[in-house]
1. So which residues in region 27-56 are touching a helix residue (DSSP H, G or I) at 6+ places or on another chain (Cβ under 7 Å), in a helix (DSSP H, G or I) and open to solvent by less than 50 Å² (accessible area, probe 1.4 Å), if there are any at all?
2. Taking interchain pairs and intrachain pairs at least six residues apart, which have beta carbon atoms under 6 angstrom, with the first residue in region 69-86 and under 17 Å from I22 (Cβ atoms) and the second β-branched (V, I, T)?
3. Quick one: in region 68-84, of everything that is more than 19 Å from S9 (Cβ to Cβ) and part of a helix (DSSP H, G or I), which residue is least open to solvent (accessible area, probe 1.4 Å)?
4. Give the number of residues within region 25-65 that are among the hydroxyl-bearing types (S, T, Y) and modelled with pLDDT of 90 or more.
5. Pull up region 39-55, narrow it to residues that are among the hydrophobic types (A, V, I, L, M, F, W, C) and under 8 Å from the mean Cα position of the chain (by Cα), then point me to the one that is farthest from L69 (Cα to Cα).
6. Does N87 satisfy being open to solvent by 100 Å² or more (accessible area, probe 1.4 Å), polar (S, T, N, Q), out of contact with any strand residue (DSSP E or B) (no Cβ under 8 Å at 6 or more places or on another chain) and at pLDDT below 90?
7. Name the pairs: first residue in region 36-57 and in contact (Cβ under 8 Å) with a residue 40 or more places away in the chain, second residue open to solvent by 100 Å² or more (accessible area, probe 1.4 Å) and in a loop (DSSP other than H, G, I, E, B), Cβ to Cβ under 7 Å, at least 6 apart or on different chains?
8. Give the residues of region 4-19 that are assigned to a strand (DSSP E or B) and free of Cβ contacts under 8 Å to residues at least 24 places away in the same chain, sorted by residue number.
Amino acid sequence: MKYLKLFSSSKIVDGGLNSAIIDLQRGIYIVIPKSLSIIIGKLETQPIDELRDEIEKKSLNHFDSYINLIIINEFGFVTEEPDNFINFLNKKN
């Protein structure tokens, strides 16, 4: 099973209308739809293919393009061993 992990220097920030992925190390960011922020949150614990199976067929192209956006822009990577990496979302206790 493959999982999406953000690099430790990449953070998700949710705003009122949109969200952003910020790479603190490189000093860059991209504005993303809130729906991608939600997907990234789910991918913290869910395999990519498992979440992909839950998505409507008409939305699969968007899902795949979201994953590619993160990888191509080097905000994250895909791994089969997610437990070897820290969680990328800041959780409130």
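1. Step one: filter region 27-56 for residues touching a helix residue (DSSP H, G or I) at 6+ places or on another chain (Cβ under 7 Å), giving 36, 39, 42-43, 48, 51-52, 55.
Cutting the leftovers down to in a helix (DSSP H, G or I) gives us 36, 39, 42-43, 48, 51-52.
Hits for region 27-56 are L36, I39, L43, I48, L51.
2. Pairs that qualify, where the first residue is under 17 Å from I22 (Cβ atoms) and the partner is β-branched (V, I, T), are F75/I21; G76/I70.
3. In the first step, residues of region 68-84 are kept if they are more than 19 Å from S9 (Cβ to Cβ); the result is 68, 80-81, 83.
Now narrow it down to the ones that are part of a helix (DSSP H, G or I): 68, 83.
Values: N68: 79, D83: 148 Å².
The residue in question is N68.
4. Of the residues in that region, 3 qualify.
5. Looking at the filtered set, the residue picked out is L43.
6. On the way: open to solvent by 100 Å² or more (accessible area, probe 1.4 Å): no; polar (S, T, N, Q): yes; out of contact with any strand residue (DSSP E or B) (no Cβ under 8 Å at 6 or more places or on another chain): yes; at pLDDT below 90: yes.
Criteria not met by N87.
7. Qualifying pairs under 7 Å: P47/M1; P47/K2; I48/K2; D49/M1; D49/K2.
8. From region 4-19, those assigned to a strand (DSSP E or B) are 4-6, 10-14, 19; that's our starting set.
V13, D14, S19, listed by residue number.
The values are calculated or read from the model by the stated rules, or taken from the named source; none is laboratory data. For clarity, every value in this text was computed on a predicted model and none was experimentally measured. We place every Cβ from the backbone using ideal geometry, glycine too, and count neighbours over all the protein chains shown. In case anyone asks, the SASA skips ligands and DNA or RNA and just uses the protein heavy atoms, side chains included. Shrake-Rupley method; radii C 1.70, N 1.55, O 1.52, S 1.80 Å.
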